[in-house]
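In what follows, a single structure is set out as structure tokens and then discussed.
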Amino acid sequence: MSKYYLTTPIYYVNAAPHIGHTYTTIAADAIKRLKRMQGFEPVILTTGTDEHGQKIERAAAAAGRSPQKFTDLISQEFRKQWEVLGLQIDRFQRTTDPKHAKVVQDLFDRCVKSGYVYKGSYTGQYCVFDELYVNEAKPGDPCPDCGRPTETVTEENFYFKLSAFQERLLKFYEDNPEFIRPESRRNEVIAFVKQGLKDVSISRTTIKWGIPVANEAPHVFYVWFDALSTYMSAVEGEGLWPADLHLIGKEILRFHAVYWPAFLWAADLPLPRKLFAHGWLLFENDKMSKSKGNMVRATPIKEALGADALRYYLLREVVFGQDGNFSYDALVQRYNSDLANGLGNLASRTLALIHQNCGGLIPNGPGDPAIAQTARIAVDSALDSYEWLNFSKALETIWTLISAVDKFIVERAPWNLAKSGDTARLAETLYTAAEALRIVTALVFPVIPESAAKIWAQLGFRTPLDAIRTANLDWGKLASGQEIEPASGVFPRADVKTMIEKMKEGEAAELVRQQTLMGAKPAADPSHITIDDFIKVDLRVGEVKSANAVKGADKLLHLQVDIGEPLPRSIVAGIALAYKPEALVGRKVVIVANLAPRKLRGLESQGMIVAASLEGGNPVLASFLEDVPIGARLK
Ligand code: MSP
């Protein structure tokens, strides 16, 4: 059977691993197990760390360490995180590995040879956080992606002729409709490429912390040219390239769907077969970010509920490809309803009944034909959903089978059959339950491997569940007479409140540990913030230039606020019930200037206006008794 090579993004080491990184890596691990089940051999999963660039250099400096020491430390954190969660990583590739540098240089040389690289110079705005030139920005403008201030840079760069690939890319997307998944993301990429592609700079001279371009000091490779190559360097010389799947978050799709194919074509190398861009995991419906302090880490969840509970929750709750919400409450609820009461209950009940009534031996098959048919349909449908990486749908289907079997057991009432001595019907009932349990266990294995393996062993199998193939999922493969193990609960019920408290306590401790690692001096009490945290909030004095009602939203006003920048800020504020638009013009207000921009009712809001919010009453804008100049910072 053929190989299957898949990758996660190579994570930046300017942040320690959190649940966002975990989400992608868990999904990749589930896909890996699924592909093995489908018979691919070998199945190789690459992840790693993206360790070069200014952002990392600055994070290292902030932590008081050399870039190499710092990246060693944080890269190790990622490696350990995947170990703690039991993820089957085959290659962990660091971009600071000398083997990787060779592959990057080779890719560059090939692009030079084919005539797709030239030298040019650039003056403009650069976003250090996104490692991206912002062509349209002027000095003082924020980055359109992340809202952080851009910096003006002038440098000589090597450029890659991306513009030469526009038509070829569009034709490729057209001819390979499965290349970018899901469909909505594919459409976004096509629309982007149709707008026209500019050449991209692939080297930097202003940065030291990067892979040097051979014989071209002081040029180092642009981090994305460096990072994308990791997918190849991780399996260099193994005959595994091209990758069958790059699994990524939606925010980095452009690099993968536009730059990467063009680099590979220029170098005359094969393209990856598929890109799947999943959505964002939000926390209480808000984007998780370090600056908001609303990030969650995986280890405390694993310690409280187990890695499988987290895996199941993430893949069941969120439709893969769309944004989804993380909440501790929903996690525990799902654990109790689906794992403890659903699968766990079916397993313990079935095994206990076989112990009580059949001396611990699987009774004679082939079981009930109606349930056998339900199971066949469920297997086909779940495998089909898995194939499309629609985990939530696959799991939903598997759980309908669990419910059908539960109902079947209750209706058959094997305890009554035992009393009345109807041994044939009793055997049929229990074989049906056990065979359905076998099939369910195998089907959930990619998602909850540790628990599935426990149930598998309790069903009396000596061969590891890892070795199961989809062909073994046919009804009736469970051998009569197989001796089962004593049943022991796999998913003990959790008390919601206690469990949430436990996870939150663990999270607070893990946060402090990670912050210390990153060089921050954390506040002694995790509910306190340090002055460094406060300084991050850029509060400015502004003057309202115009204020208008927002159509269809009676609480909102759309303001233009001058904070001393070349252009006033567009701000949408929920103050319409308290202030008439005309009363605001000329008034001095306080705004949060470095909030990531967001769209409200189709209007861009580039900041937030500060007001006292009164319980049940109207907001009151912060203002000053003395005169203050526009643009003054509050600190
Ligand atoms: N270093 C680049 C990737 C280079 S790949 C050649 C990078 N690194 S990152 O550390 O920022 O990781 C981004 C990836 O982490 C996302 O694409 C996604 O896979 C995962 N996620 C990080 N936060 C996430 C959420 N809140 N939700 C979902 N996935 C998230 O970009």
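Please treat every number below as a calculation from the coordinates, not as lab data. Remember, it's a predicted structure, so these values are computed and weren't measured experimentally. Cβ: placed from backbone, ideal geometry, glycine included. Neighbour counts: every protein chain shown.
Here are the numbers for the structure shown:
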read-out: Charged-residue dipole, Cβ positions (Lys, Arg, Asp, Glu), the range 359-518 about Cα centre, Debye nearest 20; value: 200 debye
read-out: In Hz, Karplus ³J(HN,Hα) per residue of the range 227-236 (6.51, -1.76, 1.60; θ = phi - 60°; x = Gly, Pro); value: 5, 4, 5, 4, 4, 8, 5, 4, 10, 3
read-out: DSSP beta bridge pairing in the chain, given as percent antiparallel to the nearest 5; value: 70 percent
read-out: Gain upon complete extension [Asp106, Lys80; 0.36 nm per residue less C-alpha separation]; value: 6.3 nm
read-out: Nitroxide proxy distance, nm - points 7 Å out along Cα→Cβ at Asn325 and Ala553; value: 1.9 nm
read-out: Tensor-based shape of the range 117-186 (alpha-carbon gyration tensor, a/c under 1.5 rounded, otherwise prolate or oblate); value: oblate
read-out: For Trp260, Trp415, order by how many other beta-carbon atoms lie within 10 Å, fewest first; value: Trp415, Trp260
read-out: Over the chain: helical MRE at 222 nm, DSSP H runs n ≥ 4 each giving -39500 (n - 2.57), nearest 500; value: -12500 deg cm²/dmol
read-out: If the convex hull is drawn through the Cα atoms of the range 107-224, its volume per residue in Å³; value: 128 Å³
read-out: Net length gained if the chain between Ser66 and Ala467 were fully extended (0.36 nm per residue, minus Cα distance); value: 139.9 nm
read-out: Spacing of the two label points (7 Å from each Cα toward its C-beta) at Lys194 and Ala217, in nm; value: 4.9 nm
read-out: Estimated D of the range 367-448 in µm² per second, where Rh is the Kirkwood radius over Cα pairs and Stokes-Einstein applies at 25 °C, 0.890 mPa s; value: 185 µm²/s
read-out: Burial order of peptide ranges 587-594, 140-147 (average beta-carbon count within 10 Å, highest first); value: 587-594, 140-147
read-out: Theoretical FRET efficiency, 1/(1+(r/R0)^6), r = Cβ-Cβ of Ser2 and Phe172, R0 22 Å, to 0.05; value: 0.50
read-out: Added length on full extension, which subtracts the Cα-Cα distance from 0.36 nm per residue, Ser420 to Trp388; value: 6.8 nm
read-out: Protection proxy ranking, peptides 3-10, 266-273, average beta carbon neighbours within 10 Å, highest first; value: 3-10, 266-273
read-out: Kirkwood hydrodynamic radius over Cα pairs of the chain, then Stokes diffusion coefficient at 37 °C and 0.692 mPa s, in µm²/s; value: 119 µm²/s
read-out: Cut-off under 5 Å, modelled amide H: who pairs with Leu281 long-range; value: Gly324
read-out: Neighbourhood charge, 13 Å Cβ-Cβ cut-off, centred on Ser605 and excluding it, Lys, Arg +1 and Asp, Glu -1; value: +3
read-out: For the chain: relative contact order, % (alpha-carbon pairs under 8 angstrom, 6 or more apart); value: 12 percent
read-out: Antiparallel DSSP beta bridges within the range 185-307, as percent of all bridges there, nearest 5; value: 55 percent
read-out: Ordering of 388-394, 63-69 by packing [mean C-beta count within 10 Å, highest first]; value: 388-394, 63-69
read-out: In sequence order, calculated HN-Hα J values of the range 209-220 (Karplus, 6.51, -1.76, 1.60; Hz; x Gly/Pro); value: 7, x, 7, x, 7, 4, 6, 10, 4, x, 5, 10
read-out: Asp495/Lys113 FRET efficiency (R0 60 Å; Cβ-Cβ; nearest 0.05); value: 0.40
read-out: Residue list for the range 606-635, given a label point 7 angstrom along the Cα-to-Cβ vector of Leu577 and an amide N cut-off under 20 Å; value: 609-622
read-out: Gyration tensor (Cα) of the range 1-129, equivalent ellipsoid semi-axes in angstrom; value: 29, 23, 13
read-out: Normalised alpha carbon radius of gyration of the range 439-579 [divisor 2.2 N^0.38 Å]; value: 2.02
read-out: HN-Hα J in Hz across the range 475-480 - Karplus 6.51, -1.76, 1.60, θ = phi - 60°, x for Gly and Pro; value: 4, x, 7, 6, 7, 5
read-out: Too-long pairs where the Cα-Cα distance tops 32 Å, listed order kept, from Lys138/Lys599; Lys419/Lys497; Lys504/Lys551; Lys274/Lys454; Lys102/Lys161; Lys35/Lys80; value: Lys419/Lys497; Lys504/Lys551; Lys274/Lys454
read-out: Equivalent ellipsoid semi-axes - Cα gyration tensor, the range 188-265, angstrom; value: 23, 20, 11
